[in-house]
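K.L.:
One structure is given below, represented as structure tokens, and several questions about it will come after.
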2 protein chains.
Amino acid sequence: MTQEKRSAAATAAAARILDAATAAFAELGFHGTSTRDIAARAGMSPAAIYVHHRSKEELLYTISLSGHRRVLDAIREASAAGITPTDRLERVAHSFGTWHAEGHVRARVVDYEMGALTAAHQEDVAAVRRDIGTVHRSIIEAGVATGEFAVADPSMTSVSIISLGVDIARWYRPEKAWTTAQVVAHYRDTVLRIVGAAPRS
Amino acid sequence: MTQEKRSAAATAAAARILDAATAAFAELGFHGTSTRDIAARAGMSPAAIYVHHRSKEELLYTISLSGHRRVLDAIREASAAGITPTDRLERVAHSFGTWHAEGHVRARVVDYEMGALTAAHQEDVAAVRRDIGTVHRSIIEAGVATGEFAVADPSMTSVSIISLGVDIARWYRPEKAWTTAQVVAHYRDTVLRIVGAAPRS
DNA sequence: GTCTATATATTGATAGAC
DNA sequence: GTCTATCAATATATAGAC
């Protein structure tokens, strides 16, 4: 058995507990969720959690850190693929919006439960968040340099764009009228308007 | 002693407890806050809370409902004062942004802790939220009618504008670089861009 | 209307059988 | 690696003295 396969998150039971914790945290919040809630959703006894994970807080840490890293990877890939700043921003907005709309349950935990982490774990996540901000800001600055974007303060604008994307996870509910595709398309168009890009054909 | 003065929230001690609860809920979340936390912040014993309020949940309900009502009143007043849809939207954005930036502590509880309310209390708050949405959507529809705004879906656009304002309360921290006035001005300008209004002089 | 003391339930986490 | 049983701490809320 390899090192990787022995690590907690690699076993099927460990993953099932992580998924149960994600669903519970998204619905009730970290502090509103008991370890018994998580165990019940995973179809196991409360004690089983501690065979695979160190603590309830570590469950949140694992969800939050891996979630943040996956978003960062996704937008970096989207950003690299584009040619012009407008292309890159459009791809990044699509990727970022899709993560928050389709993955709204996971994203709700990732983006809104950070405050329940220990200070050290919160700093690990914050570092990834800074990189996510840098990806956005760099594209905006590049677009300002080429004249494609009309933006007075790229830092503030990138915060707004990220904010609008993140907040999808708070308000979006699939049982309502809009599909994720509609929400993402609207987000992408809104982002282009915010930076003052020329309307797309 | 009048009826009003005898109601719980009207006494000084009751208000002090409400303020302490607001600060605690904003920092730790509803479920992360104990009644002992609240009592300690108010400089009272845990038992004192129950002289002035029925339960911890009722504290949140009072904060959340009165907060929502105050926002609704503020944007209704701002909306009525304007002449053109652009004027009205600008005033509403200023009012809505100011509430969330300057009142970010209170707004964080009002907007992000709703899920901890009982179903009945959640519905009371949701009714006010629907009115807040209607105020925004009506202005956008009016602007589309006059040709001042270029918006394909007024419902989605009003959700975006509200979302961008609400989310200020999540990310804004006064100890960072930006003043509330800067954040509000940027929000107001961004809102006008989102609806496709002509840039202001 | 404030307090100390406490009832009662639930919490996160562990012990030990299998 | 799963379970049942349980520990110790903490939760919300109340009782009763002053």
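The values are calculated or read from the model by the stated rules, or taken from the named source; none is laboratory data. Worth saying up front: this structure is predicted, and the values here are computed from it rather than measured. For neighbour counting, all protein chains shown are included, and Cβ atoms are generated from backbone atoms with ideal geometry for every residue, glycine included.
K.L.:
Taking the condition of being in a helix (DSSP H, G or I) and of a type in the set (Lys, Arg), how many residues in region B:148-185 meet it?
P.N.:
Summing the residues that are in a helix (DSSP H, G or I) and of a type in the set (Lys, Arg) in region B:148-185 gives 1.
K.L.:
Looking only at region B:80-97, decide whether some residue is more than 14 Å from chain A (Cβ to nearest Cβ), more than 16 Å from the chain's Cα centre (by Cα), in a loop (DSSP other than H, G, I, E, B) and within 11 Å of DNA strand D (Cβ to nearest atom).
P.N.:
Within region B:80-97, not a single residue is more than 14 Å from chain A (Cβ to nearest Cβ), more than 16 Å from the chain's Cα centre (by Cα), in a loop (DSSP other than H, G, I, E, B) and within 11 Å of DNA strand D (Cβ to nearest atom).
K.L.:
What is the number of the single condition among (1) within 16 Å of DNA strand C (Cβ to nearest atom); (2) assigned to a helix (DSSP H, G or I) that A:VAL71 does not meet?
P.N.:
Failed condition: (1).
K.L.:
Got at least one residue in region A:186-197 being buried (at least 17 other Cβ atoms within 10 Å of the Cβ), part of a loop (DSSP other than H, G, I, E, B), in contact (Cβ under 8 Å) with a residue 40 or more places away in the chain and within 10 Å of chain B (Cβ to nearest Cβ)?
P.N.:
yes
K.L.:
Failed condition for A:SER95, given (1) more than 29 Å from A:LYS176 (Cα to Cα); (2) surrounded by 18 or more Cβ atoms within 10 Å (Cβ to Cβ), with all others met?
P.N.:
All conditions pass for A:SER95, except number (1).
Here is a yes/no grid of residues against (1) outside the structural domain of B:ARG188 (by TED's automatic domain parsing); (2) of a type outside the set (Asp, Glu); (3) touching a helix residue (DSSP H, G or I) at 6+ places or on another chain (Cβ under 6 Å):
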{"position": "B:ALA74", "(1), (2), (3)": "no, yes, yes"}
{"position": "B:ARG91", "(1), (2), (3)": "no, yes, yes"}
{"position": "B:GLU102", "(1), (2), (3)": "no, no, yes"}
{"position": "B:VAL105", "(1), (2), (3)": "no, yes, yes"}
{"position": "B:GLU123", "(1), (2), (3)": "no, no, no"}
{"position": "B:VAL128", "(1), (2), (3)": "no, yes, yes"}
{"position": "B:ILE139", "(1), (2), (3)": "no, yes, yes"}
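K.L.:
Which of the residues spanning region A:13-40 are within 23 Å of the chain's Cα centre (by Cα) and either modelled with pLDDT under 95 or not hydrophobic (A, V, I, L, M, F, W, C) (or both)?
P.N.:
A:ARG16, A:ASP19, A:THR22, A:GLU27, A:GLY29, A:HIS31, A:GLY32, A:THR33
K.L.:
Determine which member of the set B:ALA169, B:ALA177 is modelled with pLDDT under 95, in the same structural domain as B:ARG91 (by TED's automatic domain parsing) and of a type outside the set (Val, Ile, Thr).
P.N.:
B:ALA177
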